[in-house]
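Enquirer: Sharing a structure below in structure tokens format, with a few things to ask.
Nothing in this text is a laboratory measurement; each read-out follows from the coordinates by a stated rule. Worth saying up front: this structure is predicted, and the values here are computed from it rather than measured. In this analysis, Cβ positions are derived from the backbone assuming ideal geometry, glycine residues included, and neighbour counts consider all displayed protein chains.
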Amino acid sequence: MSSWHIEGQYMETCNCTYLCPCIASNLAAQPSEGDCKAAIAMRIDTGHKDGVKLDGLSFIVMLHSPAAMDQGDITVGLIVDERASDAQVEAISAIATGAAGGPMANLAPLVGRVAGVEKRPISFETDGMNFTVKAGELVDQACAGVASAVQPGEPLYLDNVAHPVNSRLALAKATRSIFKVFGLDWSDSSGTRNGHFAPFAWTA
């Protein structure tokens, strides 16, 4: 297994109502809607694998869990920045599925099906505690951090969590969450759904 490293910024939204019970229960709780639909968006600021540079590329792991996540049978699919070469897509796919080791390998035993890979233009924009990610017609999501009452300009955090991206996640509410890919069809702009963001640094 080759060595690799990527780091950058992550954000996600899901269909659970805020605060998502999955992370707070170590993946053992039933999602608030019975199932979990999530889009885990990753912007690689710097990275490489097998001599292939991955700087500036983004990808989104689409996830569907039919029940509590620790019960498995999770379906995942991958959306990769359309600017990525075949070699870059191969590298990102290996990292995102856990095939190349790293944090996503810990989730792999819970995955029952890999739905495939799509390429689309991906935009990943940040403005303070506000995040927006779009991937063509497949994903359009945004979240706003839940502000701390004691640290101005900082979000509330969950710490020591079992999440593959980071053990410390900022709390956010999804202001927009639209998925139309890999059999996932979800659209919400109520401001009541869950979101997270965090920096990440993955190595294997």
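Enquirer: Tally the DSSP beta bridges in the chain and give the antiparallel ones as a percent, rounded to 5.
Expert: Counting only bridges with both partners in the chain, antiparallel ones make up about 90 percent.
Enquirer: Let me ask another. Averaging sequence separations of C-alpha pairs under 8 Å and six or more residues apart, then dividing by the length of the chain, give the relative contact order as a whole percent.
Expert: Result for the chain is 24 percent.
Enquirer: If you don't mind, another one. Which value in nm describes the separation of the simple spin-label points at residue 160 and residue 130, placed 7 Å from the Cα toward the beta carbon?
Expert: Modelled inter-label distance: 3.5 nm.
Enquirer: Which shape class, rounded, prolate or oblate, goes with segment 103-204 when its Cα gyration tensor gives a ≥ b ≥ c as root eigenvalues, a/c under 1.5 marks rounded, and past that a/b bigger than b/c marks prolate?
Expert: oblate
Enquirer: Among DSSP bridges having both ends in segment 39-152, what percentage is antiparallel? Round to the nearest 5.
Expert: 75 percent
Enquirer: In whole angstrom, how far apart do the alpha carbon centroids of segment 130-204 and segment 68-107 sit?
Expert: 18 Å
Enquirer: Still on this model: Looking only at Cβ-Cβ distances, which cysteines of the chain have no other cysteine closer than 4.7 Å?
Expert: So far as the 4.7 Å Cβ criterion goes, 14, 22, 36, 143 stand without a partner in the chain.
Enquirer: Once amide H atoms are placed 1.01 Å from N in the peptide plane, what residues at a sequence separation of 5 or more from residue 14, or on another chain, have their amide H within under 5 Å of its amide H?
Expert: Hits under the 5 Å cutoff: 194.
Enquirer: For a quick check: with amide H placed at 1.01 Å from N, whose amide H comes under 5 Å from residue 200's, ignoring anything fewer than 5 positions away on the same chain?
Expert: 8, 9, 10
Enquirer: Under the Karplus relation 6.51 cos²θ - 1.76 cosθ + 1.60, θ = phi - 60°, what is the ordered set of whole-Hz ³J(HN,Hα) values for segment 185-202, x standing for Gly and Pro?
Expert: For segment 185-202, the Karplus-derived couplings read 9, 9, 9, 8, 9, 6, x, 9, 8, 8, x, 8, 8, 5, x, 9, 8, 10 Hz, x marking Gly and Pro.
Enquirer: What are the ³J(HN,Hα) couplings of segment 112-119, residue after residue, when phi is run through the Karplus curve with 6.51, -1.76, 1.60 and θ = phi - 60°? Round to Hz, x for glycine and proline.
Expert: Once rounded to whole Hz, the list reads x, 8, 9, 7, x, 10, 10, 10.
Enquirer: Residue by residue through segment 18-33, which ³J(HN,Hα) values in whole Hz follow from phi under the Karplus form 6.51 cos²θ - 1.76 cosθ + 1.60 (θ = phi - 60°), with glycine and proline marked x?
Expert: 5, 9, 3, x, 4, 5, 5, 10, 6, 6, 8, 7, 5, x, 4, 9
Enquirer: Separate question: Around residue 25, which amide H atoms from residues at least 5 apart in sequence, or from another chain, sit under 5 Å from its own amide H, with H modelled in the peptide plane?
Expert: Result for residue 25 returns nothing.
Enquirer: Quick check: the angle from helix 86-97's long axis to the longest principal axis of the chain, C-alpha only, nearest 10 degrees?
Expert: So the helix axis and the longest Cα principal axis differ by about 40 degrees.
Enquirer: Once the piece of chain linking residue 123 and residue 105 is laid out straight, how much longer is it, given 0.36 nm per residue of separation minus the C-alpha distance between them?
Expert: The residue 123-residue 105 span can extend by a further 3.9 nm.
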